[in-house]
1. Once the piece of chain linking Lys29 and Leu4 is laid out straight, how much longer is it, given 0.36 nm per residue of separation minus the C-alpha distance between them?
2. Any idea what the dipole of the chain comes to, in debye rounded to 20, about its Cα centre with Lys/Arg Cβ at +1 and Asp/Glu Cβ at -1?
3. State the volume of the convex hull built on the alpha-carbon positions of the chain, expressed per residue in Å³ and rounded to an integer.
4. Which one of His36, Ala16, Ala81 is farthest out on the positive end of the charge dipole of segment 2-94, using unit charges on Cβ (Lys, Arg +1; Asp, Glu -1) and the Cα centre as origin?
5. Using each residue's phi in segment 67-77, evaluate 6.51 cos²θ - 1.76 cosθ + 1.60 at θ = phi - 60° and report the 3J(HN,Hα) Karplus result to the nearest Hz, with x for Gly and Pro.
6. Output ³J(HN,Hα) for segment 2-7: one whole-Hz value per residue in order, computed from phi by the Karplus curve 6.51 cos²θ - 1.76 cosθ + 1.60 with θ = phi - 60°, and x for Gly and Pro.
7. I want to verify a result. In a Gaussian network model of the chain, Cα cutoff 10 Å, which of these has the top mean-square fluctuation: Phe74, Phe14, Phe82?
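The numbers here are math on the coordinates, done by the rules we state, and not lab data. This is a predicted model, so every value here is computed, not measured. Cβ atoms come from the backbone with ideal geometry, glycine included; neighbour counts cover every protein chain shown.
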Amino acid sequence: MRQLLSSLSYFSIFFAPFILPIIVWIVAKDAYVEKHAKRALLSHLFPVIAAIVLMIMAINAGSYGAVIGYVFLFGVIYFGAFVYNVVQGIKVLREYA
């Protein structure tokens, strides 16, 4: 059950990126599950924080090329976070198998 809840926190990137890790973090009494819920929440928040920073940089950019570069950079960051969450979810599921 611990692995399932922990991996669901990571896999929630598909359906409820912020809500599920917060709920699991608050409700879970197990330190292992809480740790993974916190890590999943942080890995879900990272692209949002990056988007805010890159949006501010894009607004202040002087050219369209820079804006396109920032959009591309955000895509790379989001894809990296997405892959990280999927890999971590699979890792957690396979830990004690």
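1. 7.6 nm
2. 220
3. 80
4. His36
5. Karplus values, whole Hz, x for Gly and Pro: 5, 4, x, 5, 5, 4, 4, 4, x, 5, 5.
6. Listing the rounded values in order: 4, 5, 5, 5, 5, 5 Hz.
7. Phe14
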